[in-house]
Amino acid sequence: MKPIQRRCALVAAVTLLAVAACSDGQPASPAPTGAAPAASGAPARQNADLVIWTSEVASRAVQPIAEDFGRQNGITVAVQVISADLAANAITANTAGNGPDVLMLPNDFLGGALQNGAIAPLPLRAEDLTAYESGALASVTRNGQVWALPYGMENLVLYRNTKAAPKAPATVEELVSTGQAAVKKGTVERALSLPVGQDGDAYHMEPFFTSAGGSLFAIDADGQYDPQQVGVGTAESIAAASKIAALGEGGSKVLTRSVDGTNAIAQFTDGKAAYLVSGPWALADIRKSGVPYDITPVPPFAGGEPASPFLAAQAFWLMSKARNPAFAQEFITKTMNTPEAMTAMYTQDPRPPVRTDVLASVSAKDPDMAKLAAGAKNSTPLPDFPFMSGVWPPLGQAYAAIVGGADPASTMQKTASTIESVVPAK
């Protein structure tokens, strides 16, 4: 599995509809097909009673479930793969009345979808979904209303080459010292592989940033992000950036711009790095590589705050202009909201399930699923504001500059001003 959802969310260009989420989705029974463009430029809805838009990866999981639903209800079903710009295309098509009934996308679709009136609430309450992981459920809930049914989650963890570092580090400092010791022994070539690159990577830096006391936005009394209070330029965030700088090219050199999204996982699977900060998308390659490994949560700095990665949850959304909302609603809230369907989704699209009973069941056979999920303990939802496409690039570039030796204080203060300029006035 590729880190599709995460990367797309962070680098998504600003679209006409200001959608920040990304694709992950398919047509009529029996086989998924591509979508023909409509007059508006968005893909066209296929001709079926129930239409689901999703990515190719997710289509393989949902296709048999949807086909069975169609047979049981005597309707035609189309699972339609949208290969690019799924979020923006779904909103455009929904506005034109030519979109899907059900959409499959991660939780950062919520903000743009609400802004554009593209989704309908599900007749579910958080208390009705006690079998679901609370953080993932919170990520698709706004003001007490559940807007989607989550099924799989993604968050960063620490992969460890157990030959290079037999014991899991309790702190970032211990990670650095044991990783550097492994380099000195010649077991590996670098202590840590974490993508930075020339453009930076705000997503991967978040656990270190938060553990060192930094914040992107303040959290309000309801536990929601408050975008009016940008945390990036605060004294706490500048101090956090200074700790990141100490790991960079002017410090311990554990972080370097030579490692980016194209080679970070390979550094680990080639046996060159003692540690890797990555998500469930790296697991298949690591297993295939034969490198001995273990998975633990990203450790905090000594005496610091918990390391808090972002949490992304894949989910089913009911579109506001669904042509057959009754079938769409029943499919999401009845058919998919079962251990059997969630297990089927996991089998075809293996990522930690959001249903705790399904997670326990699959973890009994594959302990790595529980370890990946454990990394989400201190996570926070991936922000879903439509303006985030104006936040991720400058924040990533700031990290890259700081890793390369730029002054943390002035860099973060300048970045804070850039972020504040894209946050709409309240």
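Points worth noting:
- Single condition SER308 does not satisfy, out of (1) over 27 Å from ASP128 (Cβ atoms); (2) over 18 Å from the mean Cα position of the chain (by Cα); (3) outside any helix (DSSP H, G or I): (2)
- The number of residues in segment 319-371 being more than 16 Å from GLU67 (Cβ to Cβ) and in contact with a Gly (Cβ under 9 Å, 6 or more places away or on another chain) comes to 13.
- Taking the listed residues ASN107, ASN143, ASN94, the one that is open to solvent by 10 Å² or more (accessible area, probe 1.4 Å) and not hydrophobic (A, V, I, L, M, F, W, C) is ASN143, with no other qualifying.
- Taking the criterion of being touching a helix residue (DSSP H, G or I) at 6+ places or on another chain (Cβ under 6 Å) and open to solvent by 40 Å² or more (accessible area, probe 1.4 Å), the residues of segment 271-296 that qualify are ASP285, SER289, TYR293.
- PRO30 being at pLDDT below 95 and of a type outside the set (D, E, K, R): yes
- Residues of segment 56-80 classified as surrounded by fewer than 24 Cβ atoms within 10 Å (Cβ to Cβ) and among the hydroxyl-bearing types (Ser, Thr, Tyr), total: 1
- ALA240 being in contact with a strand residue (DSSP E or B) (Cβ under 9 Å, 6 or more places away or on another chain), open to solvent by less than 30 Å² (accessible area, probe 1.4 Å) and of a type in the set (A, V, I, L, M, F, W, C): no
- Of the residues making up segment 383-390, not a single one is closer than 18 Å to TYR293 by Cα and not aromatic (Phe, Trp, Tyr).
- Residue under evaluation LEU122, criteria (1) over 22 Å from VAL57 (Cβ atoms); (2) open to solvent by 10 Å² or more (accessible area, probe 1.4 Å), criterion not met: (2)
- Unique match (being within 24 Å of PRO123 (Cα to Cα), assigned to a loop (DSSP other than H, G, I, E, B) and basic (Lys, Arg)) among LYS321, LYS377, LYS334: LYS321
Let's see how each residue does on (1) surrounded by 23 or more Cβ atoms within 10 Å (Cβ to Cβ); (2) of a type in the set (Lys, Arg); (3) over 20 Å from VAL157 (Cβ atoms); (4) under 22 Å from the mean Cα position of the chain (by Cα):
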{"residue": "ALA191", "(1), (2), (3), (4)": "yes, no, no, no"}
{"residue": "LEU194", "(1), (2), (3), (4)": "yes, no, no, yes"}
{"residue": "ASP201", "(1), (2), (3), (4)": "yes, no, no, yes"}
{"residue": "MET205", "(1), (2), (3), (4)": "yes, no, no, yes"}
{"residue": "PHE217", "(1), (2), (3), (4)": "no, no, yes, yes"}
{"residue": "GLY223", "(1), (2), (3), (4)": "no, no, yes, yes"}
{"residue": "GLN228", "(1), (2), (3), (4)": "no, no, yes, no"}
{"residue": "ALA235", "(1), (2), (3), (4)": "no, no, yes, no"}
{"residue": "ALA246", "(1), (2), (3), (4)": "no, no, yes, no"}
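- Which listed residue, of PRO350, PRO383, PRO393, is in a loop (DSSP other than H, G, I, E, B), out of contact with any Ser or Thr (no Cβ under 7 Å at 6 or more places or on another chain) and farther than 22 Å from GLN63 by Cβ: PRO383
- Among the candidates MET369, MET388, residue that is closer than 29 Å to SER134 by Cβ, open to solvent by less than 10 Å² (accessible area, probe 1.4 Å), assigned to a helix (DSSP H, G or I) and modelled with pLDDT under 95: MET388
The values are calculated or read from the model by the stated rules, or taken from the named source; none is laboratory data. Computed from a prediction, not measured in an experiment: that's the story for all the values here. Cβ coordinates were reconstructed from backbone atoms using ideal geometry, including for glycine residues, and neighbour counts include every protein chain displayed. Areas reflect the complete protein model, heavy atoms only, side chains present, ligands, DNA and RNA absent. Shrake-Rupley method; radii C 1.70, N 1.55, O 1.52, S 1.80 Å.
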